[in-house]
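To keep things clear, I will list the structure first and then write my remarks on it.
Coordinate-derived values only; no laboratory data. Treat the numbers as computed from the prediction; the structure is a model and nothing was measured. Using ideal geometry, Cβ is built from the backbone for each residue, glycine included, and neighbour counts are taken over all protein chains shown.
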Amino acid sequence: MGIKHDKQTDALFESILKLTSMEECYAYFEDLCTMREIRDLGQRLEVARLLRGGSSYQQAAAATGVSSATVGRVKKCLDYGPGGYEMILTRMEADGDDAECDEA
């Protein structure tokens, strides 16, 4: 695991760090990603939240509509990854943003 650090990836992450509102995020990510990619990213975050909260693989898959392979990948990241999900979920909880994600 691990993202290759290069100029293009650094520029991408720097550009994301420049966003200052939810509206800006929606506009930028709609330009940057397909609707499916955005949905998939949101689903993975919700799977991580559910698994971290004690849900089973089956419960997380049923609640989000993702495959068991996706649930397994997210679980592997939670257990053995660099800690990105844990970092973000902890921050979201501290900000009171840990409620169940709603379908749009």
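A few points about this structure:
- Of (1) 11.8; (2) 8.5; (3) 7.3, the label for mean projected area of the Cα convex hull in nm² derived from the coordinates: (3)
- Estimated [θ] at 222 nm from DSSP helical runs (n ≥ 4, -39500 (n - 2.57)) normalised by residues in the chain, nearest 500: -21500 deg cm²/dmol
- Taking the number of Cβ atoms within 10 Å of each Cβ as an exposure proxy, the fewest-first ranking of Tyr57, Tyr85 is Tyr57, Tyr85.
- Considering only Gly54, Phe29, Gly42, and ranking their Cα positions along the charge dipole of the chain that arises from unit charges at the beta-carbon of Lys, Arg, Asp and Glu, the one farthest toward the positive end is Gly54.
- Under 23 Å between alpha carbons - lysine pairs in the chain that sit 8 or more apart or on different chains: 4
- Dipole check for the chain: with +1 at the C-beta of Lys and Arg, -1 at the C-beta of Asp and Glu, and the Cα centre as origin, the magnitude is about 600 Debye.
- Note: relative contact order over the chain, using C-alpha pairs below 8 Å and six or more positions apart, is 20 percent.
- Long hydrophobic helices in the chain: the complete DSSP H runs spanning 24 Å or more by Cα along their own axis with mean Kyte-Doolittle hydropathy of at least -1.0 are 35-52.
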